[in-house]
1. Looking at the stretch 25-37, is at least one residue within 12 Å of the ligand (Cβ to nearest atom) and at pLDDT 95 or above?
2. Going by the structure shown, is Ala78 within 13 Å of the ligand (Cβ to nearest atom), outside any strand (DSSP E or B) and modelled with pLDDT of 95 or more?
3. Going by what's in this entry, would Phe100 be described as at negative phi, within 16 Å of the chain's Cα centre (by Cα), more than 14 Å from the ligand (Cβ to nearest atom) and in a helix (DSSP H, G or I)?
4. From the list Leu86, Leu129, pick out the single residue that is in contact with a helix residue (DSSP H, G or I) (Cβ under 7 Å, 6 or more places away or on another chain), within 19 Å of Leu195 (Cβ to Cβ) and modelled with pLDDT of 95 or more.
5. Under the condition of being in contact with a Ser or Thr (Cβ under 8 Å, 6 or more places away or on another chain) and assigned to a loop (DSSP other than H, G, I, E, B), which residue from the stretch 156-203 is farthest from Gly13 (Cα to Cα)?
6. Test Pro145 against the criterion of being within 16 Å of the ligand (Cβ to nearest atom), more than 18 Å from Ala8 (Cα to Cα) and not in a strand (DSSP E or B), and give yes or no.
7. Just to be sure I understand, how many residues within the stretch 154-197 are of a type in the set (A, V, I, L, M, F, W, C) and touching a Leu at 6+ places or on another chain (Cβ under 9 Å)?
8. Within the stretch 149-179, track down each residue that is of a type in the set (D, E, K, R), surrounded by fewer than 19 Cβ atoms within 10 Å (Cβ to Cβ) and under 28 Å from Arg199 (Cβ atoms).
Amino acid sequence: MGNRVRTAVLISGRGSNLRALAEASRAHDYPAEIVLAISNRADAAGLQVAEEYGIPAQIVPHGDFESRETFDAGIDAALREADVSLVCAAGFMRIHSEWFVKRWEGRLINVHPSLLPAFPGIRVHRQALDAGVKVSGCTVHFVVPELDSGPIIAQAAVPVLPGDTPETLAARVLEEEHKLYPEALRLVASGNVRLESARAVSR
Ligand code: GRF
């Protein structure tokens, strides 16, 4: 299929969501094609995943840049060089500058391991356990300048079980992320969900 949406995945670590997206895009009728992986860390295990799937990878080390804006400009240059139209953050541990978010508005999505707006930020599963919720889950959303708070594209719920630790809950949520993220990317790449429509629904 020649007209699939050219999509990049931003990673910082393990890359299991990159694997899920790469696996989904192996199907010829999947509307997105993963054409680039970018990591801000040279030691990210996810770089091996990219190699395994034959996805070109670039390392853009944040330490080489003097500001968030210049780092984001480096990422932006790599995205434009690869003629990318959609960007999926998947365990990418850098906060984007407002400039970058505005530039990619409606074309930049992220997965977060909670049912947003509950538990944004870090130590998400610890937050969920401390709050005593009985259900947690994951969210794929459009990225906006405020952290972990853009219009929601898709969510999946996961039970919190007696005796859960942050690790056991994280593992259960991660399994759902691997199903949800490819579905959410499908919705966006096919044009069935757009920023404005997601916004309207979330109002
Ligand atoms: C996922 O749980 C994601 O929701 C969070 O970081 C983790 C990344 O995992 N933002 P991986 O690198 O995709 O395996």
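The values are calculated or read from the model by the stated rules, or taken from the named source; none is laboratory data. Just so we're clear, the structure is a prediction, and the values are computed from it rather than from any experiment. Counting neighbours? That spans all protein chains shown, and the Cβs are built from the backbone with ideal geometry, glycine included.
1. Narrowing the stretch 25-37 to residues within 12 Å of the ligand (Cβ to nearest atom): 37.
Restricting the remaining residues to those that are at pLDDT 95 or above gives 37.
Looking through the stretch 25-37, at least one residue is within 12 Å of the ligand (Cβ to nearest atom) and at pLDDT 95 or above.
2. Numbers: within 13 Å of the ligand (Cβ to nearest atom): no; outside any strand (DSSP E or B): yes; modelled with pLDDT of 95 or more: yes.
It is false that Ala78 is within 13 Å of the ligand (Cβ to nearest atom), outside any strand (DSSP E or B) and modelled with pLDDT of 95 or more.
3. Numbers: at negative phi: yes; within 16 Å of the chain's Cα centre (by Cα): yes; more than 14 Å from the ligand (Cβ to nearest atom): yes; in a helix (DSSP H, G or I): yes.
So Phe100 passes the test.
4. Numbers: Leu129 fails: within 19 Å of Leu195 (Cβ to Cβ).
After applying the criteria, what remains is Leu86.
5. Leu161
6. Details: within 16 Å of the ligand (Cβ to nearest atom): no; more than 18 Å from Ala8 (Cα to Cα): yes; not in a strand (DSSP E or B): yes.
For Pro145, the condition - within 16 Å of the ligand (Cβ to nearest atom), more than 18 Å from Ala8 (Cα to Cα) and not in a strand (DSSP E or B) - is not met.
7. The first filter runs over the stretch 154-197 and keeps only residues of a type in the set (A, V, I, L, M, F, W, C), leaving 154, 156-158, 160-161, 169-171, 173-174, 180, 184-185, 187-189, 193, 195.
Filter once more, so that each one left must be touching a Leu at 6+ places or on another chain (Cβ under 9 Å): 154, 156-158, 160-161, 169, 185, 188-189, 193.
So the answer is 11.
8. Glu176, Lys179, listed by residue number.
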